[in-house]
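A quick write-up on the structure given underneath.
Bear in mind that the values in this text are calculations on the coordinates, not laboratory data. Please read all numbers here as calculations on a predicted model, not as lab measurements. Neighbour counts run over all protein chains shown; Cβ positions are idealised from the backbone, glycine included.
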Amino acid sequence: MFDPRRYATGLPHAAFRELRDRHPVSWQAEYEVLGWPPGPGFWAVTRHADVVHVLRDHGTYSSWAGATQIRDPDPADLPFIRRMMLNQDPGPRGPAGPGQGDGAAGEGRSGHGRLRRLVSRAFTPGRVARFTGAARARARELLGAARATGPVVDLVTAVTDDYALLNLADLLGVPESDRGLLLTWTERVIGYQDPDEPPVLDADGRPVNPRSPAMLKEMFDYARELAAYKRRAPGDDVMTALAGSGLHDGELEMFFFLLTVAGNDTVRSAAPGGLLALAVHPDQQRRLRSGEAAPDTAVEELLRWHPPVLSFRRTATRDTTLAGQDVRAGDKVVVFHASANYDDRVFDAPHRLDLTRAPNPHVSFGEGPHVCLGAHFARLQLRVLHEEARALLPPFTLAAEPRRLVSNFVNGVKSLPLDLSRGG
């Protein structure tokens, strides 16, 4: 389950099923791959109930201890990485473990609740809802232009990349002239395992972690400049709210990083994934077009079918037992959202796309204290996109195989050629 190349042809359903049925918590080797050095290995958690348990039990399975990516960060970078809310735990700071006793780490571990409350105030449903009109106009413009270039069009390059990026830029309040920077930074962080995104190498020829301080300096410099600008010229946007919230520079930089990367790539992955599902399931596409399937319910099923995030890592803080497997303190524990969403212990006929499925307790936006803060905004964008696609595009089919991101983290679609000719 570790090799990022495995996900370049789609979700490995047979392997996930084997693990869920026979080895729900299984040890996975972390071998050298794509120029990246080997690691110590990790426990892969594949059943829905166990994934939910790990994500909820932050006392036993910590985001702070080793951050949230499968690969271990450089120990020198860990205090920096812990400044991000994603890599913190709720509640008071516990005793520091080896290499975990610095002040920045302690502050980060104890500040999760405060930071989440601050950003929640900026990410209010009311503020997000005011972007609905702009998102709808943007969807109409992009989809209309895509249809005009038919009969075969790559919906990723023609629609979904720009749709996700420009909506995020509107929400953050990034000036139009700077919006290309967001895509550059996102691709650098998210696509670092993909051969199409050549790695940055250090003096010894080793790839540099895209989340390291050196690689994020340009983004952080920009975040401080943008915040200073928003204090002088406030707008109705998230960066204006954050700039006046009392965050110190380090916290503000990390919020900008989190919102830029997660906010962009969630929709950037889920939008083409949903359109791909509809293209290969014409019966479900008809149900959405006819109104038999409501857009809100359809979006939840498309998110289950194509979760934007494949996995997240935690670190065990103490010896424990998970699904009958002994886990030692310090072990990496990686939950696979993409497997949990197809667990037939929870979902009836999980490999059947059903746009009317309800209830639909998928874990595509996580669970517990780290459930995605931008989920409301993501759902809004996806609903609007599918409503406008239903109105503006003819029934579509797959014109060629999609190209997927080489990643064990993001379930990305790099190219989605659709045939729009059937509608004339």
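In a shell of Cβ-Cβ distance under 13 Å around Gly39, excluding Gly39 itself, what net charge do Lys and Arg (+1) and Asp and Glu (-1) give? Present the calculation step by step, with values, prior to reporting the outcome.
Numbers: positive: Arg71, Arg313, Lys332; negative: Asp3, Glu30, Glu32, Asp72, Asp74, Asp331.
So the surrounding residues net to -3.
Treating only the Cβ atoms of Lys and Arg (+1) and Asp and Glu (-1) as charged, compute the dipole magnitude of region 269-424 about its Cα centre; round to the nearest 20 debye. Present the calculation step by step, with values, prior to reporting the outcome.
Values: 19 positive and 17 negative charges, 72 e Å.
Dipole size: approximately 340 debye.
What percentages make up the Cα-Cα pair-distance distribution of region 138-288 when the bins are 10 Å wide from 0?
Whole-percent P(r) values from 0 Å outward: 10, 33, 30, 20, 7, 0.
What does the convex hull of the alpha-carbon atoms of region 1-101 project to on average, in nm²? Numbers along the way, then the final one.
Values: hull surface 30.8 nm².
Result: 7.7 nm².
Which of the listed residues, Pro195, Leu171, Val208, is farthest toward the dipole's positive end in region 109-243, when Lys, Arg count +1 and Asp, Glu count -1 at the beta-carbon?
Among Pro195, Leu171, Val208, the one farthest towards the positive end of the dipole of region 109-243 is Leu171.
Just the ratio, please: alpha-carbon radius of gyration of the chain over 2.2 N^0.38 Å, N its number of residues.
Values: Rg = 21.0 Å, N = 424, 2.2 N^0.38 = 21.9 Å.
Normalised by 2.2 N^0.38 Å, the Cα Rg of the chain equals 0.96.
Rg (Å, one decimal) plus Dmax (Å, integer) for the alpha carbons of region 267-342?
17.7, 53
State the answer as a single residue: which of Val159, Leu353, Tyr7 lies farthest towards the positive end of the charge dipole of the chain, with beta carbon charges of +1 for Lys and Arg and -1 for Asp and Glu, about the Cα centre.
The residue sitting farthest along the positive end of the dipole is Leu353.
How long are the three semi-axes of the equivalent ellipsoid for region 142-199, computed from the Cα gyration tensor as the root of 5 times each eigenvalue, in whole Å, largest first? Don't jump to the answer; show the numbers that get you there.
Working: eigenvalues 102, 69, 11 Å².
Over the Cα atoms of region 142-199, the ellipsoid semi-axes are 23, 19, 7 Å.
Output the peptides 316-327, 336-347, 232-243 sorted from most to least packed, where packing is the average of other Cβ atoms within 10 Å over each peptide's residues. Working shown, then result.
Details: 316-327: 15.1, 336-347: 21.9, 232-243: 17.8.
Highest to lowest by the protection proxy: 336-347, 232-243, 316-327.
Might you report the magnitude of the Cβ-based charge dipole of the chain about its Cα centre, with Lys and Arg at +1 and Asp and Glu at -1, to the nearest 20 debye?
I would put it at about 940 debye.
For region 275-424, calculate the relative contact order in percent as a whole number, restricting contacts to Cα pairs under 8 Å that are 6 or more residues apart.
On the way: 213 pairs, mean separation 40.3, N = 150.
Contact order relative to length: 27 percent.
Could you calculate the contour length gain from Thr320 to Glu292, that is, 0.36 nm times the residue separation minus the distance between their Cα atoms, to one decimal place in nm?
Numbers: separation 28, 0.36 × 28 = 10.08 nm, distance 4.67 nm.
Computed gain between Thr320 and Glu292 is 5.4 nm.
Would you mind calculating the relative contact order of region 148-290 from Cα pairs under 8 angstrom and at least 6 residues apart, reporting the percent as a whole number?
30 percent
For n ≥ 4 DSSP H runs only, could you compute -39500 (n - 2.57) per run for the chain, divide by its residues and tell me the 222 nm figure to the nearest 500?
Values: 16 runs with 187 residues, N = 424.
It lands at -13500 deg cm²/dmol.
Using Cα-Cα distances under 8 Å and only pairs 6 or more residues apart, what relative contact order does the chain have, in percent?
Reported relative contact order: 26 percent.
Quick check for me: using +1 on Lys/Arg Cβ and -1 on Asp/Glu Cβ, what's the dipole size of region 226-327 about its Cα centre, in debye to the nearest 20?
Values: 11 positive and 13 negative charges, 36 e Å.
Using only the charged Cβ atoms, the result is roughly 180 debye.
Please work out whether region 212-273 counts as rounded, prolate or oblate from its C-alpha gyration tensor, where a ≥ b ≥ c are the square roots of the eigenvalues and a/c under 1.5 means rounded, while otherwise a/b larger than b/c means prolate and anything else oblate?
Oblate, since a/c reaches 1.5 and b/c is not below a/b.
Using 7 Å Cα-to-Cβ label points, what is the Arg232/Arg206 separation (nm, one decimal)?
In this crude spin-label approximation the distance works out to 4.2 nm.
Lys/Arg Cβ at +1, Asp/Glu Cβ at -1, dipole of region 307-399 taken about the Cα centre: which of Cys372, Leu392, His337 is farthest positive-ward?
Cys372
Which number comes out as Rg/Rh for region 161-238 once both Rg and the Kirkwood Rh are worked out on C-alpha atoms? Kindly include the intermediate steps, with their values, before the conclusion.
On the way: Rg = 14.7 Å, Rh = 14.1 Å.
That ratio is 1.04, to two decimals.
Over region 317-424, how many percent of alpha carbon pairs lie in each 5 Å bin up to the one with the longest distance?
Calculated P(r), rounded to whole percents: 2, 8, 10, 15, 21, 18, 10, 6, 4, 3, 2, 1, 0.
Take every DSSP beta bridge whose two residues both sit in the chain, then give the antiparallel share in percent to the nearest 5. Can you show the working numbers first?
Values: 24 of 28 bridges.
Close to 85 percent.
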